[in-house]
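The values are calculated or read from the model by the stated rules, or taken from the named source; none is laboratory data. Note that the coordinates shown come from a computational prediction; the quantities given were computed from them, not determined experimentally. So basically every Cβ, Gly included, is an ideal-geometry build from the backbone, and we count neighbours across all protein chains shown.
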Amino acid sequence: MALTGECFCGAVKYRIDGKLFGARSCHCSRCRKAFSAQASSYAQVEPGTLSWVEGEDLLTSLVGKSGAGKRFCSKCGSTLCGIVDGEVHGITLGCLNEDPGIDIEMHIFVGSKAPWEVIPQGVVTYDTVPPEWH
Ligand SMILES: [Zn+2]
Ligand SMILES: [Zn+2]
């Protein structure tokens, strides 16, 4: 069963024929601005499983020196996916239409969260990233 997602204005639509994994929320100051929110909510996709159904020509992207970046709708500004070296790496959970059947596994960069954000009790948090990512 495919998952579908779309941007805020609905001009860009995608489907994913595969599982999501590695769901996480990053609370760093960069993600707050990139996602216009208290944190990012992001999950990785298996390579090649995301296809653009509508509006791919409306996508624009912002890529950093590392080769990692994001693609967003040029009409409404919704961030739809993260890219690494030009390939879709993962998606923003907020643009999904269905329940992906996974939970956010961890909250990272909680040490630099916004002062106004209250982190819920009982979630897995890291000041920066998990030790195995270093
Ligand atoms: Zn849009
Ligand atoms: Zn971040």
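Scanning region 61-87 for residues being in contact with a helix residue (DSSP H, G or I) (Cβ under 8 Å, 6 or more places away or on another chain) and hydroxyl-bearing (Ser, Thr, Tyr) gives a total of 3. Taking the criterion of being assigned to a loop (DSSP other than H, G, I, E, B), modelled with pLDDT of 95 or more and either within 13 Å of the chain's Cα centre (by Cα) or under 22 Å from residue 109 (Cβ atoms) (or both), the residues of region 38-74 that qualify are 38, 39, 40, 41. Within region 94-127, restricting attention to residues that are of a type outside the set (S, T, N, Q), within 14 Å of ligand 2 (Cβ to nearest atom) and surrounded by 15 or more Cβ atoms within 10 Å (Cβ to Cβ), the residue that is nearest to residue 42 (Cα to Cα) is 104. Considering 57, 103, 85, the condition of being free of Cβ contacts under 8 Å to residues at least 12 places away in the same chain and of a type in the set (Asp, Glu) is satisfied by 57 alone.
Within region 70-102, being within 16 Å of ligand 1 (Cβ to nearest atom) and not hydrophobic (A, V, I, L, M, F, W, C) holds for 70, 71, 74, 75, 77, 78, 79, 92, 94, 97. Pairs linking a residue in region 1-15 that is more than 16 Å from ligand 1 (Cβ to nearest atom) and part of a loop (DSSP other than H, G, I, E, B) to a residue that is modelled with pLDDT of 95 or more and not basic (Lys, Arg), with Cβ atoms under 7 Å and 6 or more positions apart or on different chains, are 2/16; 2/17. When region 26-37 is limited to residues that are within 9 Å of ligand 2 (Cβ to nearest atom) and either hydroxyl-bearing (Ser, Thr, Tyr) or outside any strand (DSSP E or B) (or both), the one that is surrounded by the most Cβ atoms within 10 Å (Cβ to Cβ) turns out to be 27.
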